[in-house]
Amino acid sequence: PVLPHRATASRQLLNGWGDPLPLIDEITILRVVYQNVNGFSSLDPNNQRICHNMKKLQCGIFLAAETNVNWRNRQMVEKFKAYGNNVWPNHRIIVSSHVCGSDAAHRNSQYLPGGVAIWINDYWATRVMECGSDPQGLGRWCYVTVGIKGGVCVTIFCVYRVCLQSVKPAGDLPATRQ
């Protein structure tokens, strides 16, 4: 396809592509947003805006894949939970990262390739029935089950599938080596 010769308006870049999302009743409608974030950094101020943006979108559950955060480092979990607390005081965060993040060599590291996270806003956090992550410890997926009126339950998974690449040039700790 041929790209247009005119520059894209900054307004369009800020507002995204396609039709705007309609306003919803956040109690009766669950809006789920998924994004391969391609890595979070605890030093990046944009990470603090994520929950604010999700609130603007009326997002009930935010799924983030390829977080590149060592979620086995408790300080990192608390830091990202604090970002959510600024917007949703009673939210929940469910995370998963590779078991090697608990090893002595990586325990205090903030960075770990791969990983996934689920943020659940105030209202839907009160509806959580169950949550968890992959029992193999690969940090590839986590899930949350929420209860809805009438006894109906919905289970939502956040899954990260690593790209197909050769292990040799990928380095020592990439998700590919898992």
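Placing a label point 7 Å from the Cα of residue 163 along the Cα-to-Cβ direction, the residues of region 33-50 whose backbone N falls under 15 Å of that point are 36-39.
Solvent-accessible surface of protein heavy atoms, probed at 1.4 angstrom with all chains present, puts 26, 66, 130 in the order 130, 26, 66, largest first.
Measuring with a 1.4 angstrom probe and ignoring ligands and nucleic acids, residue 129 comes out at about 130 Å² accessible.
If you sort 160, 34 by accessible surface, 1.4 Å probe, largest first, the order is 34, 160.
Cα convex hull, region 63-153: 85 Å³ per residue, rounded to a whole number. Applied to region 134-147, the Karplus parametrisation 6.51 cos²θ - 1.76 cosθ + 1.60 on θ = phi - 60° returns per-residue 3J(HN,Hα) values of 4, x, 6, x, 8, x, 8, 7, 8, 8, 9, 10, 10, x Hz, with x for Gly and Pro. Subtracting the Cα-Cα distance of residue 102 and residue 57 from their residue separation scaled by 0.36 nm leaves 12.7 nm. Of interest is the spacing of the C-alpha centroids, which for region 15-73 and region 103-130 amounts to 14 Å. Taking 0.36 nm per residue of separation and subtracting the current Cα-Cα distance, fully stretching the chain between residue 109 and residue 148 would add 10.2 nm. Close amide H partners of residue 31, meaning residues 5 or more places away or on another chain with modelled amide H under 5 Å apart, are 60, 61.
Sorting 140, 31 on solvent-accessible area from highest to lowest, probe radius 1.4 Å, gives 140, 31.
The values are calculated or read from the model by the stated rules, or taken from the named source; none is laboratory data. Every value quoted in this text rests on a predicted model; they were computed, and no experiment measured them. As a convention, Cβ positions derive from the backbone with ideal geometry for all residues, glycine included, and neighbour counts pool all protein chains shown. Keep in mind that these areas ignore ligands, DNA and RNA; they rest on the heavy atoms of the full protein, side chains included. Shrake-Rupley method; radii C 1.70, N 1.55, O 1.52, S 1.80 Å.
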